[in-house]
1. Filter the stretch 139-177 down to residues that are in a loop (DSSP other than H, G, I, E, B) and at pLDDT 95 or above and give me whichever is surrounded by the fewest Cβ atoms within 10 Å (Cβ to Cβ).
2. Conditions first: (1) surrounded by 17 or more Cβ atoms within 10 Å (Cβ to Cβ); (2) within 22 Å of Ala104 (Cα to Cα); (3) not hydroxyl-bearing (Ser, Thr, Tyr). Gly193 passes all but one, so which condition is the exception?
3. Pairs needed: first member in the stretch 224-252, among the polar types (S, T, N, Q); second member anywhere, surrounded by 10 or more Cβ atoms within 10 Å (Cβ to Cβ) and modelled with pLDDT of 90 or more; C-beta distance under 9 Å; at least 6 residues apart or different chains.
4. For the stretch 112-130, check the following and say yes or no: at least one residue is at pLDDT 75 or above and over 20 Å from Ile161 (Cβ atoms).
5. Select from the stretch 98-117 the residues that are crowded, with 21+ Cβ neighbours inside 10 Å and within 14 Å of Val68 (Cβ to Cβ) and write down the one among them that is nearest to the chain's Cα centre (by Cα).
Amino acid sequence: MEDQSPQDEAAIPEAASPSSRLQWKSIGIGVGVTVVVLAVGVVFLVRAGQGTEIQQVSIHVEEIINQVETARPREAETAVFLPAQVGQTLLPGDGVKTASNSEARVDIVIQKFLRIARTTPNTVWRLGQFALERDTIIELDQGKIFLLDNGLGAGFPPVRIVTPAGTASPRGTWMSVAYDPQTGVAEVQCFRGTCELANDVGTQVLTDEQSSVATAQTAPSEPVYLSQEEIDAFTGLPEAKRGEIAVPAPAI
């Protein structure tokens with residue numbers, strides 16, 4: 001699908017690495033309510049026995065509620081934000097921003113495996129890396145992302161959400177990652193499965209319904225259990241309420 005989105009209102013510098021903090025200068029604000037389906041398909045040729053198999057890999061924003069913008073770096077090493085447009089591609093280096101009372105759903109699809117990143121209001125992130133045989137990296141500058149999948153991801157590279165305070169990664173699980181640039185605190189909530197929060201100071205492994213927090217100067221905290229309100233935030237996700245993706249059972 002061709003990129004149909006002009007990008008020319010506000011600028012962000014291109015991230016030097018997945019672990020570096022994004023320095024996004026300003027964000028243009030659009031007006032109104034827009035429901036957008038963005039898609040980009042990348043076709044990879046991989047060897048399968050004696051033949052060549054075509055694998056479809058795509059990342060696209062499946063749903064946008066209210067005001068969402070995207071940005072793409074250009075030759076001048078800057079990117080600009082504009083309201084998302086139907087048919088706009090989402091490629092490594094692209095930024096996504098939600099305004100207040102706004103959300104975006106980004107689908108990462110590898111064959112039959114579906115991983116969903118639901119972006120909550122007032123969130124800014126960039127797709128740092130995306131390839132068939134490499135980890136998917138999301139660089140979260142502020143706000144909160146819920147990450148969930150359909151349970152068919154065995155053997156596929158994981159996703160990592162990088163914040164200035166640490167990196168979070170799931171293993172066949174549902175989790176959320178939040179970062180507050182004012183306090184410098186990152187929080188990982190591991191709803192199901194196994195999650196990890198790591199930085200230069202330490203690493204913490206989480207399991208069902210546990211959370212941990214960290215800053216750039218402090219190691220991830222000992223896990224504590226989620227409150228009922230926090231649990232309800234996962235079971236109340238639109239994909240779960242619609243039955244599109246079954247809520248995984250806790251480990252026994």
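The values are calculated or read from the model by the stated rules, or taken from the named source; none is laboratory data. Only a predicted model underlies this, so the values are computations on that prediction, with no experimental measurement involved. We place every Cβ from the backbone using ideal geometry, glycine too, and count neighbours over all the protein chains shown.
1. Applying the filter and picking the extreme gives Pro164.
2. For Gly193, the failing item is (2).
3. Close Cβ pairs satisfying both conditions: Thr235/Phe191; Thr235/Lys241.
4. Scanning the stretch 112-130 turns up at least one residue that is at pLDDT 75 or above and over 20 Å from Ile161 (Cβ atoms).
5. Ranking the candidates gives Ala117 first.
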